[in-house]
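Heads up, the thing below is written out as structure tokens.
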Amino acid sequence: MLKLTPWLRPTSVILGAGLAAVLASLAAVQAQPAPAARLTVNVGQPGAAVSPLLYGIFFEEINRAGDGGIYAELVQNRSFEDADFPLAWTLVQGAGAEGRLALDKSRPLNGKNPTSLRLEIPGGGERVGVASYGFRGVPQLPRDRPAEWKPRFEKATGGIALEGGKRYDLSFYARAAEGFSGPLTVTLEREDGAVLASRSLKGVGADWKQFTATLSPSASETSARLVISADKPGVVWLDMVSLFPRDTFKGRRNGLRADLMEMIERMRPAFVRFPGGCFVEGDRIENAVRWKETIGDLAERPGHWNLWGYRSTDGLGYHEYLQMCEDLQSEPLFVINCGMSHQAGRLNGYAVPMAQMGEYVQDALDAIEYANGPATSKWGALRAKAGHPKPYHLKYLQIGNENGGPAYNERYALFHDAIKKQHPEIQLVACDWGGVPGNRPLDIIDPHLYSDPATMRSHANRFDGYDRRGPKVYFGEYAVTSQAGTGNLQAAVAEAAFMTGLERNGDAVFMSSYAPLLSHINWKAWNPNALVYDQARVYGTPSYQVQALFATNRADRNLPVQVEQPRIPLETPRGMVGVATWRTQAEFKDIRVAKGSQTLFSSDFSKGLAGWKTSLGRWDVVDGALRQTSRDEGARALIGDPSWSDYTLTLKARKLGGDEGFLITFQAPGDDSKTWWNLGGWENTRHGLELPGIPLAQIPGRIETGRWYDIRVELQGQSVKCYLDGKLVQEGTRVTPPALFATAGLDEKTGETVLKVVNASGQTVEAAVDLQGARGTAVRGKALVLTSSGPLDENSFQEPAKIAPREEKVTATGPTFRRSFPAHSVTVLRLKQGR
């Protein structure tokens, strides 16, 4: 064994059946200081198989991921249903012309698409028309009140991206009032009016008629517009105005944007979970996804309000998702609404009455038939009519999203019994949101985790002791969302550390997916995301690079690995104090912070909110108490000094109404820090200590409305003690984290040992790598190393590959060799042994 220098006092961590080493460049085997760590992989003892579906993707229609994203439609608000005015359309007028533009419901194209655009051309000689700049600008819309839309555009940048010489397919419906002689002219042009492509279309009459044309621009342009115009007087109505590039992903009509899909394809996703997410639930049940409204003629798909702040056309519908999965060679995982909405809370919020659940269960059965049934079946025939007579072979169906509690349990039982009776081969995914259903057998469960880097790393061993007799795990959503910038290196490294634990337990963790996957640069409802794009460009964040790196280097069987390394001392936690609520109204008083006999802060609301920093919510001072009266999620109020440490926080809190209890914040370095005691969280079913570096600890608990509670939080060094009404309820201690996280496995096709090593520390770690039991003496292969000069570094449109894996050759004369693993790095070694 290698003798380590005495000052290291290494901690030996046995990581089951897997390894991933934190490596960067091969150090020459010369007289050097003894390595600070040792990674021992037993290459002769292949263990449990790693699930071939371990790494997939979760697609949600959020951040314009579909409409304005992978769905290749270039026209926003194509059916004029998105607002009560012509949102995203502009009147174009020649010199001296005065046209008028308005929405019209007098003679709809069909019952599901009631609104058209009315264009008045009062005089002749100069053109009057309408222009679409595509998905341009950022409409500021309320997330949960579509009836109160008052959109405004904070940015008016971008336009339609065109490639010179490429073909673009235009289609629209039009009719005209008596007396209009036409024709209509369609042009692709620059914003200054310079024409890149043009067609003249005749035959507009009194009845709705579809017109099509193929346009090929003479030059490339990233900020073009589509204009439909006329220079003869009259009135024209337009509807379903659509422009698609001919070159979609795999050449599909009504297809997907090729550059974005090629980036996704590089991830080699083993499965695709779709179409959400909270998107599936809807802000209200009437806005939930109903898949039967997303198939068939595009002009008759009504679309629906998306709780992420815009309407979805549903042109990217159930059939298109299934086709996408087939084109990616990925298993489809369809998420169906379980009769529960997002609006009033996921555990105890609005749910369809049990007596009315029959149609929702039937939706699930019919979705299976559409995907898998013969072309002679009712729903299989519609699939065949859409151009796919062969089945799609759907095997996995998720019942709801982030739903839980008694309402979910009884609905899950309904779906389970009906589906298993007719389709016992279908594997069902159950939500793990405040607990899993206990009234039916479980195939697969779906926990989620969004956190800071330290907390994410602390979950790396989460499944080491998981009961293999229990249900399989689909870790459907995870990401570092705090201290992540807009997608930085330290977030990706922490996620990689967590993923070493997923792969090490790849016999129990059946599937996993990062979230969210996609975001338009100007439409971010969530931060960060794996892929960022505008109308013409795309780049992957470091998190995207990690996902692709792990998925393309997944082992088939785990190998035992032992990691010996020093522990890095923790700094004393510091930060401000505060209070917060989650869809709840509450008030707080007698807030005091003391360090020993010294009072650091004592609340005095005689001057209102002076000194307090609030975000979201409606905060006021009422009767000497700090009161919050909105239903916002994450309404916060902070006060104090970020340098405070080792203090005791005391206060009184009372719930006034709403879904949950209250959040007591401490050790908060900044406004977005998630460092709190969550009392009555998870729809008022549990208390949870949520702190960086401490795995989430939850216990049953609820908060009563109208009752004052005495709260005390004691902070000393790395320990936290939380008291409720004088009783110690929860406590935790941060454990000194390791620098290295590792997993190892065997690629059965190539015979290579695959080592994944993450160095989450801020220092380079010198390590000895020992391939114990290796045949022969020589080792050769390659290293894929992802790192950068600093943990906060990010990729961008200007530097899309600033943080991306760099490949280098690895050779060694024996099965034990040395490597340096850079600070904040992820390394994958693919090694072969032999003479």
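The values are calculated or read from the model by the stated rules, or taken from the named source; none is laboratory data. Small disclaimer: the values here were computed from a predicted structure and weren't measured. Every residue, glycine among them, receives a Cβ derived from its backbone with ideal geometry; neighbour counts consider all protein chains shown. The accessibility values were calculated without ligands, DNA or RNA, using every heavy atom of the protein model including side chains. Shrake-Rupley method; radii C 1.70, N 1.55, O 1.52, S 1.80 Å.
Only one residue in ALA224, ALA213 is part of a strand (DSSP E or B), under 30 Å from SER519 (Cα atoms) and under 39 Å from the mean Cα position of the chain (by Cα), so which one is that? Walk me through it before giving the result.
On the way: ALA213 fails: under 30 Å from SER519 (Cα atoms).
The match here is ALA224.
Does the stretch 232-251 hold any residues that are of a type in the set (D, E, K, R) and either surrounded by 17 or more Cβ atoms within 10 Å (Cβ to Cβ) or touching a Ser or Thr at 6+ places or on another chain (Cβ under 6 Å) (or both), and which are they? Scanning the stretch 232-251 gives LYS232, ASP239.
Got a sec? Which of GLY776, GLY781 is open to solvent by less than 40 Å² (accessible area, probe 1.4 Å) and not in a loop (DSSP other than H, G, I, E, B)? Please lay out each step first, then the result.
Details: GLY776 fails: not in a loop (DSSP other than H, G, I, E, B).
Being open to solvent by less than 40 Å² (accessible area, probe 1.4 Å) and not in a loop (DSSP other than H, G, I, E, B) holds for just one of GLY776, GLY781, which is GLY781.
ARG273 falls short on exactly one of the conditions (1) more than 30 Å from GLY94 (Cβ to Cβ); (2) open to solvent by 20 Å² or more (accessible area, probe 1.4 Å); (3) basic (Lys, Arg), and that condition is (2). Taken as a whole, the stretch 772-784 holds at least one residue that is touching a residue at least 12 places away in the same chain (Cβ under 8 Å) and within 26 Å of the chain's Cα centre (by Cα).
Say we look at the stretch 792-812 and pick out the residues that are part of a strand (DSSP E or B) and not β-branched (Val, Ile, Thr); which of these is farthest from the chain's Cα centre (by Cα)? Per the criteria, the residue is ALA812.
Summed over the stretch 69-92, the residues that are open to solvent by 10 Å² or more (accessible area, probe 1.4 Å) and either among the small types (Gly, Ala, Ser) or in contact with a His (Cβ under 8 Å, 6 or more places away or on another chain) (or both) give a count of 3. All conditions but one from (1) part of a loop (DSSP other than H, G, I, E, B); (2) at pLDDT below 95; (3) open to solvent by less than 10 Å² (accessible area, probe 1.4 Å) apply to LEU394; the one that does not is (2). Inspect the stretch 501-524 for any residue being under 25 Å from LEU53 (Cβ atoms), free of Cβ contacts under 8 Å to residues at least 60 places away in the same chain and either open to solvent by less than 10 Å² (accessible area, probe 1.4 Å) or part of a helix (DSSP H, G or I) (or both) and give the result as yes or no. Looking through the stretch 501-524, at least one residue is under 25 Å from LEU53 (Cβ atoms), free of Cβ contacts under 8 Å to residues at least 60 places away in the same chain and either open to solvent by less than 10 Å² (accessible area, probe 1.4 Å) or part of a helix (DSSP H, G or I) (or both).
Could you please let me know if LEU771 is part of a strand (DSSP E or B), touching a Pro at 6+ places or on another chain (Cβ under 8 Å) and surrounded by fewer than 22 Cβ atoms within 10 Å (Cβ to Cβ)?
Working: part of a strand (DSSP E or B): yes; touching a Pro at 6+ places or on another chain (Cβ under 8 Å): yes; surrounded by fewer than 22 Cβ atoms within 10 Å (Cβ to Cβ): no.
No, not satisfied.
Within the stretch 454-479, being touching a residue at least 40 places away in the same chain (Cβ under 8 Å) and open to solvent by less than 40 Å² (accessible area, probe 1.4 Å) holds for ALA454, THR455, MET456, SER458, HIS459, ALA460, PHE463, PRO471, TYR474, GLY476, GLU477, ALA479. The residue of the stretch 628-660 that is farthest from GLN585 (Cα to Cα), among those that are surrounded by fewer than 22 Cβ atoms within 10 Å (Cβ to Cβ) and aliphatic (A, V, I, L, M), is ILE639.
Just one residue in the set ALA625, ALA530, ALA555 is open to solvent by less than 60 Å² (accessible area, probe 1.4 Å) and under 21 Å from THR481 (Cβ atoms); that residue is ALA530.
Conditions (1) part of a loop (DSSP other than H, G, I, E, B); (2) at pLDDT 90 or above; (3) over 25 Å from GLY234 (Cβ atoms); (4) over 41 Å from the mean Cα position of the chain (by Cα), marked per residue:
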{"site": "GLU98", "(1), (2), (3), (4)": "yes, no, no, yes"}
{"site": "GLY125", "(1), (2), (3), (4)": "yes, no, no, yes"}
{"site": "ALA131", "(1), (2), (3), (4)": "no, yes, no, no"}
{"site": "GLY134", "(1), (2), (3), (4)": "yes, yes, yes, no"}
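Of all residues in the stretch 276-301, those satisfying the criterion of being open to solvent by 40 Å² or more (accessible area, probe 1.4 Å) and either among the acidic types (Asp, Glu) or in contact with a strand residue (DSSP E or B) (Cβ under 9 Å, 6 or more places away or on another chain) (or both) are ARG284, GLU286, ARG290, GLU293, ASP297, LEU298, GLU300. Of all residue pairs spaced 6 or more apart or on separate chains, those with beta-carbon atoms under 6 Å, a first member in the stretch 188-202 that is assigned to a loop (DSSP other than H, G, I, E, B) and a second member that is among the acidic types (Asp, Glu) are ARG190/GLU221. Could you say whether any residue in the stretch 302-311 is among the basic types (Lys, Arg) and either free of Cβ contacts under 8 Å to residues at least 40 places away in the same chain or open to solvent by 30 Å² or more (accessible area, probe 1.4 Å) (or both)? Yes, that holds for at least one residue.
For GLY575, the conditions (1) modelled with pLDDT under 95; (2) in contact with a Pro (Cβ under 9 Å, 6 or more places away or on another chain); (3) open to solvent by 70 Å² or more (accessible area, probe 1.4 Å) all hold with the exception of (3).
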